[in-house]
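The values are calculated or read from the model by the stated rules, or taken from the named source; none is laboratory data. All values reported here derive from a predicted model rather than from experimental measurement. Please note: Cβ atoms are built from the backbone with ideal geometry, for glycine as well, and neighbour counts cover all protein chains shown.
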Amino acid sequence: MTVDKPLLDAFAPTGVLRASINLGNPILAHRVDVPAAGGAGGAGGVSVDLAGALAERLGVKLELVVVETAGKSVDLVANEQADIGFFAIDPKRGASIAFTEPYVLIEGYYLVHNDSPVRTNADVDHAGTRVVVGKGSAYDLFLSRELQHAEIVHAPSSQEVVRTFLEQDLDVAAGVRQQLEADIRGLPNLRLLDERFMVIRQAMGVPKSRGDAAAAFLAAFVEERKASGAVAAALQKHRIQGATVAPLAAG
């Protein structure tokens, strides 16, 4: 994967690779106080490891732009305030961002009260059911399209979903399984439904304005990291459970 000057300029027009890192998904990133290798600080995790590997491949320094929500991360890359990001693939986001194939697959689940009449995913989409989601998250975009009868209630972020669910006495909370499990640890009378409502396909992305060559290079980079075992190693290193490495792209 050679890097010529036009390609380098496409990825790092400021001379450094600015990677948008979303702390709202604990599978991909977490806050740290100690700077990462290369001088980038503020976060660690699978996405940070991938960003560091890409910066090394390009021969530039890495700068992390750390945010709390997926929506903010999308806006940073779409507006070219960051050069790359890590997102769930979604057609709405794809209007301004060129996505790779996914590198990790994550499960979205529903959370309810123990005494809730909601027993299966099919029970959720009914009039009068209020479903809280993190505003701008992948599952917000998905459920806003898929749910025809239930009411969507927006929490400020994925980290605020369970708090909003409890404070407003809502019917269902939706989110990444690991985030929900962590947030309800030690809380009584809550349960996850037995099956996922979606598979969240996490990919890397670059602004479409950076051109087809940049998008193709990033896509090839992700496939190489999956094939080499680097993504699996990052999941193991950060002790991530419940996420799987995505299959290699066809062809």
| message | Residues to consider are Glu107, Glu101; find the one that is assigned to a strand (DSSP E or B) and charged (D, E, K, R). | response | Glu107
| field | Wholly within segment 136-251, helices (runs of 4 or more DSSP H) carrying at least 1 residues that are at pLDDT below 95 and farther than 24 Å from Asp49 by Cα | value | 138-146, 177-183
| query | Under the condition of being in contact (Cβ under 8 Å) with a residue 12 or more places away in the chain and surrounded by fewer than 14 Cβ atoms within 10 Å (Cβ to Cβ), which residue from segment 225-241 is nearest to Val199 (Cα to Cα)? | reply | Gln241
| request: Determine the pairs where a residue that is on the phi > 0 side of the Ramachandran plot, located within segment 176-203, has a partner that is of a type in the set (Asp, Glu) and crowded, with 18+ Cβ neighbours inside 10 Å with Cβ atoms under 6 Å apart, the partner being 6 or more residues away or on another chain. | output: none
| Somewhere in segment 25-38, is a residue among the basic types (Lys, Arg), at pLDDT 95 or above, in a strand (DSSP E or B) and over 14 Å from Val222 (Cβ atoms)? | no
| request: Return the only residue of Leu64, Leu28, Leu76, Leu58 being aliphatic (A, V, I, L, M), free of Cβ contacts under 8 Å to residues at least 60 places away in the same chain and surrounded by 24 or more Cβ atoms within 10 Å (Cβ to Cβ). | output: Leu64
| request: Could you check how many residues of segment 110-132 are closer than 17 Å to Phe142 by Cα, outside any strand (DSSP E or B) and among the hydrophobic types (A, V, I, L, M, F, W, C)? | output: 2
| said: Show the residue pairs meeting these rules: Cβ distance below 7 Å; 6+ apart or different chains; first residue within segment 148-172 and within 20 Å of His126 (Cα to Cα); second residue small (Gly, Ala, Ser) and assigned to a loop (DSSP other than H, G, I, E, B). | reply: His149/Ala127; Asp171/Ser116
| said: Being among the aliphatic types (A, V, I, L, M) and in the same structural domain as Asn121 (by TED's automatic domain parsing) is true for just one of Leu235, Leu193. Which residue is that? | reply: Leu193
| request: Can you confirm whether segment 126-134 contains a residue that is at pLDDT 95 or above, under 18 Å from Arg93 (Cβ atoms), crowded, with 19+ Cβ neighbours inside 10 Å and in contact with an Asp or Glu (Cβ under 9 Å, 6 or more places away or on another chain)? | output: yes
| query | Considering segment 145-172 alone, what residues qualify as being surrounded by 13 or more Cβ atoms within 10 Å (Cβ to Cβ), under 27 Å from Leu28 (Cα atoms) and more than 17 Å from the chain's Cα centre (by Cα)? | reply | Glu146, Leu147, Ile152, Val153, His154, Val162, Arg163, Thr164, Phe165, Leu166, Val172
| Across segment 66-98, which residue is farthest from Met198 (Cα to Cα) among those that are part of a loop (DSSP other than H, G, I, E, B) and among the hydrophobic types (A, V, I, L, M, F, W, C)? | Ala82
| request: Determine which single condition Leu111 fails, assuming it passes every other condition in (1) of a type outside the set (Lys, Arg); (2) surrounded by fewer than 21 Cβ atoms within 10 Å (Cβ to Cβ); (3) assigned by TED's automatic domain parsing to the domain that holds Arg177. | output: (2)
| message | Condition first: crowded, with 18+ Cβ neighbours inside 10 Å, touching a strand residue (DSSP E or B) at 6+ places or on another chain (Cβ under 6 Å) and in the same structural domain as Ser96 (by TED's automatic domain parsing). Can you find one or more residues in segment 205-213 that meet it? | response | yes
